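Scroll down for the structure; my scribbles are underneath it.
The values are calculated or read from the model by the stated rules, or taken from the named source; none is laboratory data. Just so it is clear, the model here is predicted, and its values are computed rather than measured. FYI the Cβ positions are ideal-geometry reconstructions off the backbone, even for glycines, and counts take in every protein chain you see. Please note that ligands, DNA and RNA were not included when accessible areas were found on the heavy atoms of the full protein model with its side chains. Shrake-Rupley method; radii C 1.70, N 1.55, O 1.52, S 1.80 Å.
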Amino acid sequence: MFLPARRWRLPYLALLTVVGLLLSASALEAYRLSGGTRPWEPFLWEFSSIAVIGLLVLAVHALVGRLAGRPWPQQLAAHAVALPLFSLLHIAGMFGIRLLVYGLAGVEYHPDALPTLLVFEGGKDAVSYLSFCLISRGVWMAQAASARAQELDRARRELAEARLARLADQVQPHFLFNTLNLISSVMYEDVARADRLLCDLAQLLRQTLAAQQRAEHSVADELALVQPFLALMQARFGPERLVVQIDADDAARACRLPALLLLAPVENAVKHDVARHRGRVTVAVSARREGDELVLAVRNQGEGPAPEPLPPDPDGGLGLRNLRERLQARYGTAARVDFGPEGRGMVLHLVMPCGC
């Protein structure tokens, strides 16, 4: 009932053994100086005490855990009962072991009188009991703090999953309607093109739904989601207005990242530049591995006259903030997000650990 978790049993036994050996070595030196002739006696004295204490400490730890959170008067009353019981069990167990071993060895053993034992051992047991209670209290507090940290981490993961669901919804209804209208407009003139568009749309929806079911996937899976989206956008605007470039090395493709991480930035690159630019725009997505880091970039570069600057976009700002918060919740300070102008366009850099 009071045994520690299996993974802690061997370390706990090793700790008791080390403490017993250290105390025995110290007692042995004093024993020899006093003229003792049986070197095993100090080891018996110390290990008999350590063995009983080792069991009682587990019970004390369980008691402190059960009393946690209760009013202080109840805790003090419980400890007032447990302390003398702790001392009596320690004395009884310790001297029971000694009497048994001495009997088996055929050596007479005469412990001190019971009142003397109770006073001498009881004083030491009171100090030991108080020390064990304080240590146990610290252990329980550390475990509670760890549990709270795990609960906070779980809440953050759930928040990230909620944001993931929101990002999945960024295949917005107006995009779907525009794509269906595009397919409708060409289906009687170019059946093969309409078929390709339907296939790209089906692949995009299928990949998006699949990504919603998992927290992370590989860069290759993420690009397999981005490619049909850009193919549909290229079909909508025409290859003369939208040029798509996707470049990812094999090492980067094997890395793992949060699902649906790139869809929103790529969509923003199309919405904020291609849809407003009168010339050709290149949207480039790159991925490379640098050591243990994955470096992603989404660029849009326009040709010809630059579009008029947009007023502050709350949706774009919110998307970038959600992207930062999502990476921070997942990787902490190991992830970085940089967004700013580059040439005649904008670039978004994402750096995060490459989990394979």
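Tabulated results
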item	result
Pairwise FRET efficiency - residue 292 versus residue 224, Cβ, R0 = 35 Å, nearest 0.05	0.90
Peptides ranked, highest mean first, by Cβ atoms within 10 Å: ranges 237-249, 41-53	41-53, 237-249
Most fluctuating residue given options 58, 323, 232, as computed from a GNM of the chain linking Cα atoms under 10 Å	58
Choice from 66, 321, 236 with maximal GNM fluctuation in the chain (Cα, 10 Å cutoff)	66
Theoretical ellipticity at 222 nm over the chain - DSSP helices of four or more residues, -39500 (n - 2.57) apiece, nearest 500	-22500 deg cm²/dmol
Solvent-accessible area per residue, Å², over the chain with all protein chains present [probe radius 1.4 Å]	57 Å²
Highest to lowest packing among 23-29, 337-343, 59-65, scored as the average C-beta count within 10 Å	59-65, 23-29, 337-343
Difference of contour (0.36 nm per residue) and Cα-Cα distance, residue 192 to residue 149	9.9 nm
Calculated P(r) tail over 35 Å for the chain, as whole % of Cα pairs	52 percent
Cα-Cα pairs of segment 229-287 separated by more than 16 Å (percent)	46 percent
Solvent-accessible surface (1.4 angstrom probe) belonging to residue 187, in square angstrom, nearest 10	80 Å²
Whole-number percent relative contact order across the chain, with pairs defined as alpha carbons under 8 Å at least 6 apart	11 percent
Degrees between helix 72-105 axis and first principal axis of the chain (Cα, 0 to 90, nearest 10)	60 degrees
Relative contact order, percent, segment 196-274 [alpha-carbon distance under 8 Å, six or more residues apart]	41 percent
Carbon and sulfur %, accessible surface of segment 1-110 computed with the full protein complex present, 1.4 Å	72 percent
Given charges at Cβ of Lys, Arg, Asp, Glu: the chain dipole, positive-most of 20, 297, 76	76
Whole-number Å³ per residue for the convex hull built on Cα positions in segment 10-116	131 Å³
Size of electric dipole in the chain: Cβ of Lys, Arg +1 and of Asp, Glu -1, about Cα centre, debye, nearest 20	480 debye
Highest to lowest packing among 292-303, 257-268, 124-135, scored as the average C-beta count within 10 Å	257-268, 292-303, 124-135
